[in-house]
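Encoded as structure tokens, the structure appears first; notes follow it.
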Amino acid sequence: MKGVRKNYRLEFKIQAVSLSEQRGNVSSVAKELGICKESSVTWRKLHREAKLTKEKQIFSDPIREKLLRLRNELEETKLEREIAYLKSFLMKKVVILIE
């Protein structure tokens, strides 16, 4: 059975590379971050070759690009709605405490 392929954000990859370079141990950093060692090794190699950039991660397929953009927008919208809900909830609690 194949595992689920995970997609990580560029910022996460860069931070993982930086952390593994600082510590000098790819395996322990990968385990700590919950990623496979092979991904970490690949990201370090791409980083050394200056290929771990946003420009290299843009897809040529316009439908895939649109799908990724819409997924990002959906995630942002979900976060904004959750923040708005929590603010509303907290404001109600503050009003109750003041009364």
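I'd like to check something: does the stretch 45-53 contain any residue that is among the hydrophobic types (A, V, I, L, M, F, W, C), modelled with pLDDT of 90 or more and assigned by TED's automatic domain parsing to the domain that holds Arg9? Scanning the stretch 45-53 turns up no residue that is among the hydrophobic types (A, V, I, L, M, F, W, C), modelled with pLDDT of 90 or more and assigned by TED's automatic domain parsing to the domain that holds Arg9.
Of the residues that sit in the stretch 56-99 and are of a type in the set (Ser, Thr, Tyr) and modelled with pLDDT of 90 or more, which one is nearest to the chain's Cα centre (by Cα)?
Applying the filter and picking the extreme gives Thr77.
Considering only residues that are surrounded by 13 or more Cβ atoms within 10 Å (Cβ to Cβ) and part of a loop (DSSP other than H, G, I, E, B), which ones fall in the stretch 37-52? Residue satisfying the conditions is Leu52 alone.
The values are calculated or read from the model by the stated rules, or taken from the named source; none is laboratory data. In this text the structure is predicted, and so the values were computed from the model without any measurement. Cβ atoms come from the backbone with ideal geometry, glycine included; neighbour counts cover every protein chain shown.
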